[in-house]
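Trainee: Below you will find the structure I want to go over with you.
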């Protein structure tokens with residue numbers, strides 16, 4: 001790797017860490033109905049406004065040992081996870097993308113998938129303010145891309161109608177938030193990509209829940225672990241990301257990067 005490529009990689013990672021901090025704010029504030037702009041970043045316990053030093057990605061959590069340096073209250077690990085995942089994603093983005101436009105598509109989708117997944121894991125819901133904005137973004141990117149005009153529209157309809165019907169027929173097992181999210185995903189991946197996303201997300205969901213059938217200890221409510229609900233949003237996000245990345249393109253990019261390093 002030459003100097004310019006190394007500097008570019010560092011910029012991608014630093015940009016990802018900073019952007020991940022903002023995505024963590026989205027995941028924290030939107031479920032509580034707060035503005036993402038005001039008030040400025042502050043400790044939720046002592047309400048002390050955070051200084052620029054407290055806002056440095058990773059360091060703000062690691063340097064203060066996971067607690068607020070003013071009142072010593074624990075800092076939510078969700079923010080740390082958001083920054084690390086974003087830094088990692090943007091760090092590998094140049095290697096898994098075939099061109100700059102594809103990088104924009106992947107980065108845009110990730111910017112919705114991460115906060116939505118974090119919110120669904122914690123609150124068991126997918127806010128429409130994020131899913132609808134994601135769908136609108138997917139429509140714009142699809143219309144200005146190489147696909148035909150109806151590509152994102154058919155994708156939205158294929159996803160929304162499929163899980164929308166499931167949520168109507170089985171409301172306790174699937175919510176309309178999942179229907180809107182897979183619909184928005186469809187604007188990025190198209191109708192065929194929706195089928196692939198549903199297959200992959202279902203596969204990963206089944207794979208992750210299988211070990212729970214061997215856990216006999218009930219949770220605090222007395223319900224066995226294998227009967228508890230499982231948020232489906234993160235699995236939809238993971239499946240769609242794999243469809244967007246396209247493993248074939250990723251392998252080609254990694255082989256290309258390896259050949260450059262050896263030359």
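Trainee: For region 50-59, which residues satisfy the criterion of being assigned to a helix (DSSP H, G or I) and buried (at least 16 other Cβ atoms within 10 Å of the Cβ)?
Mentor: Step one: list which residues in region 50-59 are assigned to a helix (DSSP H, G or I), which gives 52-55, 59.
If the condition is that a residue be assigned to a helix (DSSP H, G or I) and buried (at least 16 other Cβ atoms within 10 Å of the Cβ), then 54 is the only one that fits.
Trainee: List the number of the failed condition for residue 54; all other conditions in (1) in the same structural domain as residue 9 (by TED's automatic domain parsing); (2) touching a helix residue (DSSP H, G or I) at 6+ places or on another chain (Cβ under 6 Å); (3) closer than 29 Å to residue 237 by Cα hold.
Mentor: The one condition residue 54 does not meet is (3).
Trainee: Same structure again: Kindly list the number of the only condition in (1) touching a helix residue (DSSP H, G or I) at 6+ places or on another chain (Cβ under 8 Å); (2) within 21 Å of residue 123 (Cα to Cα) that fails for residue 171.
Mentor: Going through (1) touching a helix residue (DSSP H, G or I) at 6+ places or on another chain (Cβ under 8 Å); (2) within 21 Å of residue 123 (Cα to Cα) one by one, residue 171 breaks only (1).
Conditions (1) surrounded by fewer than 16 Cβ atoms within 10 Å (Cβ to Cβ); (2) in the same structural domain as residue 201 (by TED's automatic domain parsing); (3) touching a residue at least 24 places away in the same chain (Cβ under 8 Å), marked per residue:
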{"residue": "48", "(1), (2), (3)": "yes, no, no"}
{"residue": "82", "(1), (2), (3)": "no, no, yes"}
{"residue": "88", "(1), (2), (3)": "yes, no, yes"}
{"residue": "105", "(1), (2), (3)": "no, yes, yes"}
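Trainee: Mind listing whichever residues of region 22-46 are surrounded by 11 or more Cβ atoms within 10 Å (Cβ to Cβ) and in a helix (DSSP H, G or I)?
Mentor: If the condition is that a residue be surrounded by 11 or more Cβ atoms within 10 Å (Cβ to Cβ) and in a helix (DSSP H, G or I), then 22, 23, 24, 25, 26, 27, 28, 29, 30, 31 are the ones that fit.
Trainee: If you go through region 164-185 one residue at a time, how many are crowded, with 22+ Cβ neighbours inside 10 Å and farther than 20 Å from residue 244 by Cα? Let's see the steps before the verdict.
Mentor: Within region 164-185, the first condition is being crowded, with 22+ Cβ neighbours inside 10 Å, and the residues that meet it are 177-185.
The next check asks that each one be farther than 20 Å from residue 244 by Cα; those that pass are 177.
Qualifying residue count, region 164-185: 1.
Trainee: Please work out which residue is nearest to residue 116 (Cα to Cα), limiting yourself to region 60-78 and to residues that are out of contact with any strand residue (DSSP E or B) (no Cβ under 9 Å at 6 or more places or on another chain) and part of a loop (DSSP other than H, G, I, E, B).
Mentor: Out of the qualifying residues, it is 76.
Trainee: Sticking with this one: Scan region 219-235 and give yes if some residue there is farther than 26 Å from residue 171 by Cβ, surrounded by 16 or more Cβ atoms within 10 Å (Cβ to Cβ) and modelled with pLDDT of 70 or more, otherwise no.
Mentor: Applying the first criterion (farther than 26 Å from residue 171 by Cβ) to region 219-235 yields none.
No: region 219-235 contains no residue that is farther than 26 Å from residue 171 by Cβ, surrounded by 16 or more Cβ atoms within 10 Å (Cβ to Cβ) and modelled with pLDDT of 70 or more.
The values are calculated or read from the model by the stated rules, or taken from the named source; none is laboratory data. Everything quoted here is computed from the prediction, not taken from an experiment. Note that each Cβ is placed from the backbone with ideal geometry, even for glycine, and that neighbours are counted across all protein chains shown.
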